[in-house]
Amino acid sequence: MSFLGSIKLFSRVKNSSPLSYLFYSGTIYIFFGLFIGENGLNLISHDIIRHLEPLINLSLGWVGFLFGFQMELKFLKRINGSWYLILFFTYFAAFLSIFFFSLLVIGHFFTDTPGTAGFALGIAMMLAILLPESSIPYVIWSSKLFKKQTENMRLCVFISSTDNFFPILFTGIVFSLCGFLPASGEIIINGTGKFLLSFSLQLLAGILIGGVIHVLQEKIKEKYEIPTILLGSVFLIAGFSLIFSYSLLFVAMVSGAVFSNLTKKTDRYISILGPTEKPIYLIFLIFLGIKYVLFSVEMILIALVLLLIKFNSRALVFKSLHKIKPRWFNISPYYSYLLLPLSSIAPAILLNLQIAFPNEAVSVISGIFIICFIMAELFAPVGLKIVKRNILEGIS
């Protein structure tokens with residue numbers, strides 16, 4: 001299913017109907033996962049899911065490495081500083097708003113859960129990491145309707161593609177801050193010393209592995225050996241991270257960033273790594289729905305409010321920056337609609353959490369996120385029509 005879907009995924013479509021976007025964004029594969037998994041017909045049993053987790057772990061490492069590999073300083077330096085300012089505020093405004101709302105509400109709806117305060121804090125933190133992210137496919141898909149606002153679309157593409165850095169960074173922090181006790185199924189909080197040591201080791205491991213990959217690829221004489229070195233390196237990252245309970249995505253991202261800034265053959269490697277992203281992304285979407293997650297009316301209401309908070313926080317940032325007018329900033333607040341859908345690195349982060357912390361809290365996070373994901377993707381084309389109408393009215 002992943003292979004067949006990736007053939008047409010992210011390809012340009014000729015119309016902007018909601019149905020075409022569901023296939024274009026890959027959202028249809030979440031429904032497929034819900035249908036065949038533990039939430040539906042249970043065609044894939046828990047044992048099969050458990051035995052497929054090594055495939056997911058390898059895929060997580062590969063995607064993290066691929067994202068880090070695109071962080072070349074020589075290109076990042078060319079981007080105007082005001083764009084980084086916009087990137088920072090659009091992510092953290094939503095992050096803080098979602099965190100505080102979740103912290104207040106989760107404790108109210110889940111009062112019968114042991115350790116409700118810690119339970120609510122953990123859920124609030126993870127929802128705040130996952131939900132501020134933007135959908136790269138949606139922004140690119142919608143760009144054909146905004147040909148006269150090229151600069152605005154370029155800014156939205158930049159935000160949606162680079163704000164993956166923050167959730168991956170926070171995932172590394174969460175894995176250093178939290179531990180899991182398989183016997184009791186409890187998540188524990190590490191002390192400051194252990195947290196700093198764990199995070200430093202994750203960072204150091206990523207830097208060292210990235211350096212090792214560079215040394216190995218310098219000795220390559222045959223092109224067919226390149227995938228072997230890269231795949232073997234991701235296996236190393238995956239195994240290392242699982243043994244020490246580190247974030248696969250974070251360690252792999254650091255390794256990819258180090259390697260991309262050391263090697264002089266970036267374009268050569270991108271041509272090898274790039275095509276693997278689509279089928280892996282679809283695997284993530286399918287697995288989101290396969291594993292058991294909690295759903296309830298309360299969670300649907302929470303998800304709806306969280307999406308409204310996300311949109312309003314982004315709109316507030318756009319309006320504020322429009323008044324401040326930093327250099328190169330000339331964008332309508334209505335473009336915050338374009339940054340509402342979710343379909344980038346967040347599904348991978350959620351899978352990383354599901355495997356590392358298989359308890360009720362993660363089931364609640366998974367349920368709320370999947371509801372948010374489906375809502376945002378279903379109403380994305382409607383949002384696009386609103387953007388287009390408001391922009392045209394503003395021009396007239």
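Mind listing whichever residues of region 201-240 are in contact (Cβ under 8 Å) with a residue 24 or more places away in the chain and aromatic (F, W, Y)? Scanning region 201-240 gives F235, F240. If only residues of region 34-88 that are aromatic (F, W, Y) and more than 26 Å from S233 (Cβ to Cβ) are counted, the one that is farthest from the chain's Cα centre (by Cα) is F35.
Scanning region 52-92 for residues that are of a type outside the set (V, I, T) and outside any helix (DSSP H, G or I) yields Q70, M71, E72, K77, R78, N80.
Return the residue satisfying two criteria in turn: it lies in region 180-230 and is among the acidic types (D, E) and part of a helix (DSSP H, G or I), and of such residues it is surrounded by the most Cβ atoms within 10 Å (Cβ to Cβ).
Filtering region 180-230 for residues among the acidic types (D, E) gives 186, 218, 222, 225.
Now narrow it down to the ones that are part of a helix (DSSP H, G or I): 218, 225.
Details: E218: 11, E225: 13.
Only one residue fits best here, namely E225.
Each row is one residue, and each column tells you yes or no for (1) under 28 Å from F175 (Cβ atoms); (2) hydroxyl-bearing (S, T, Y).
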residue	(1), (2)
N261	yes, no
L273	yes, no
P279	yes, no
V293	yes, no
L307	yes, no
F311	no, no
S320	no, yes
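Could you tell me whether L177 is modelled with pLDDT under 90, surrounded by 15 or more Cβ atoms within 10 Å (Cβ to Cβ) and either farther than 26 Å from I79 by Cα or not β-branched (V, I, T) (or both)? So L177 passes the test. Summed over region 20-51, residues that are outside any loop (DSSP other than H, G, I, E, B) and out of contact with any helix residue (DSSP H, G or I) (no Cβ under 8 Å at 6 or more places or on another chain) total 6. I272 meets each of the listed conditions (1) of a type in the set (A, V, I, L, M, F, W, C); (2) at pLDDT below 80; (3) crowded, with 17+ Cβ neighbours inside 10 Å apart from (3).
Against the criterion of being at pLDDT below 90 and closer than 30 Å to P381 by Cβ, S184 does not qualify.
The single condition among (1) closer than 28 Å to V234 by Cβ; (2) modelled with pLDDT under 80; (3) touching a Pro at 6+ places or on another chain (Cβ under 8 Å) that S134 does not meet is (2). Could you please find all residues in region 341-394 being under 26 Å from L66 (Cα atoms) and hydroxyl-bearing (S, T, Y)? Answer for region 341-394, where residues must be under 26 Å from L66 (Cα atoms) and hydroxyl-bearing (S, T, Y): S343, S344, S366. Among the candidates I300, I391, single out the residue that is modelled with pLDDT under 85, in contact with a helix residue (DSSP H, G or I) (Cβ under 8 Å, 6 or more places away or on another chain), surrounded by fewer than 22 Cβ atoms within 10 Å (Cβ to Cβ) and assigned to a helix (DSSP H, G or I). When all the criteria are applied, what remains is I391. Within region 353-371, being of a type in the set (S, T, Y) and either at pLDDT 85 or above or surrounded by 23 or more Cβ atoms within 10 Å (Cβ to Cβ) (or both) holds for one residue alone: S366. The lone criterion from (1) at pLDDT 75 or above; (2) over 20 Å from the mean Cα position of the chain (by Cα) left unmet by P18 is number (1).
Okay, residues lined up against (1) surrounded by fewer than 22 Cβ atoms within 10 Å (Cβ to Cβ); (2) modelled with pLDDT under 80:
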position: H108; (1), (2): yes, yes
position: T113; (1), (2): yes, yes
position: F119; (1), (2): yes, yes
position: A124; (1), (2): yes, no
position: I140; (1), (2): yes, yes
position: E151; (1), (2): yes, yes
position: N164; (1), (2): no, no
position: I173; (1), (2): yes, no
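Within region 36-60, residues that are within 24 Å of I371 (Cα to Cα) reach partners that are among the hydrophobic types (A, V, I, L, M, F, W, C) and in a loop (DSSP other than H, G, I, E, B) with beta carbons closer than 7 Å, at six or more positions or on different chains, in the pairs I36/L43; I36/I44; G37/I44; N39/V293.
The values are calculated or read from the model by the stated rules, or taken from the named source; none is laboratory data. For clarity, every value in this text was computed on a predicted model and none was experimentally measured. Every residue, glycine among them, receives a Cβ derived from its backbone with ideal geometry; neighbour counts consider all protein chains shown.
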